[in-house]
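Only one structure is covered here, and it is reproduced in the block below.
The values are calculated or read from the model by the stated rules, or taken from the named source; none is laboratory data. Since the structure is predicted, the reported quantities are computational estimates derived from the model, not experimental observations. FYI the Cβ positions are ideal-geometry reconstructions off the backbone, even for glycines, and counts take in every protein chain you see.
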Ligand SMILES: [Fe+2]
């Protein structure tokens, strides 16, 4: 949501860079606007009208709603504010396509979005095109003073659009997963199917190692460069004890060991609420895993295929990640530990632009201080509640996810917090306290997290108990 605290904005430079020679600031902003909007449209290119309207669970929004809601954002916060005499073509859309923006008025119930057959998909696309045209006109005629006012909101809108691109993909995966025909969202650039133990590129799956960090007082939070949401500020100091973080997220193969060791049947590994959920919902494996003829298969955006043991495990809940960590004699990392480790890593990885639409195995590199997949591929679980963040409009009590950014937005160099909802690929990596002896490893979890750290010994156990409830 747009919060009272102004987001930090990565302003488009007023001057001309080498690559922007010949374009104005308005033109550059418009180019980014259309790039973001067109990518959303491209994600829907292979969908049929019937695909756009299904809401498979309360946390899923129909694709049609995502298209209209992101459009509503620009209409509500830019056109209505900055276009003199602007009149909405369909005023009722303000109610239908608002999500949680209380300051913008009432909104339709989220869990009922799948019951809305009108506007049609065709009309939602027309609405989208119409607002884009209004944005073209506004920015084309805007002077520098007006652009100064619009730019922060516009850039926030770019990132909002990207958030919904991720949600759109996540949601359509859940929609398709309900269909016995196992529809394919996109063939993608999937790797060939291979048997476990050997990654699909033919290399042997290497065990992870731990990268050590000394005790230190570190700077945490947005450093002022580029875009950031308000919950990533202010930058502040934090004292971190020594720890060691796994070099990569937990893999499917490692998680299989947990399953085969009876992980889902051992109450001592689980938090009480997690254990209750395991039994109530009969969890036996990550979401989207199915066992056929003794082998595990996984539903992906590229269809149903055998579980690849070299890939990061995904679609696991916080409880599963935590239980795995217990089993492995490790723990999940805290947000601050993860952030400290990520701060030295380049923003590179398997992003949506690769069109793989699925996490890939970590590169089979050597030892040393290499941390892999800190960006791209998957979200990673931490054991820290979001309420621990300094200031935020979106902080809650859910365990925080550290994001391996799916979208390689050049300016979004900071990992983002996000509520634990139906987010896409979640995994985790292991961590251990430096003071503890030998540890084992980590895992990931059910509904979508990707990176947790493993921890060792009783200290971790009591910390978890304190931290989670
Ligand atoms: Fe939104």
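Side notes on the structure shown:
- Hey, residue 56 part of a loop (DSSP other than H, G, I, E, B) and either touching a residue at least 12 places away in the same chain (Cβ under 8 Å) or within 14 Å of the ligand (Cβ to nearest atom) (or both) or not: yes
- Taking the criterion of being crowded, with 17+ Cβ neighbours inside 10 Å and either within 24 Å of residue 78 (Cα to Cα) or in contact with a helix residue (DSSP H, G or I) (Cβ under 6 Å, 6 or more places away or on another chain) (or both), the residues of region 108-131 that qualify are 113, 119, 121, 124, 125, 127, 128, 131.
- Within region 141-193, being assigned to a helix (DSSP H, G or I), more than 16 Å from the ligand (Cβ to nearest atom), at pLDDT 95 or above and more than 16 Å from residue 288 (Cβ to Cβ) holds for 144, 145, 146, 147, 148, 149, 150, 151, 152.
- Some residue of region 28-37 being farther than 27 Å from residue 353 by Cβ, in a helix (DSSP H, G or I) and modelled with pLDDT of 95 or more: no
- Counting only residues that are within 15 Å of the ligand (Cβ to nearest atom) and in a loop (DSSP other than H, G, I, E, B), region 79-108 holds 8 of them.
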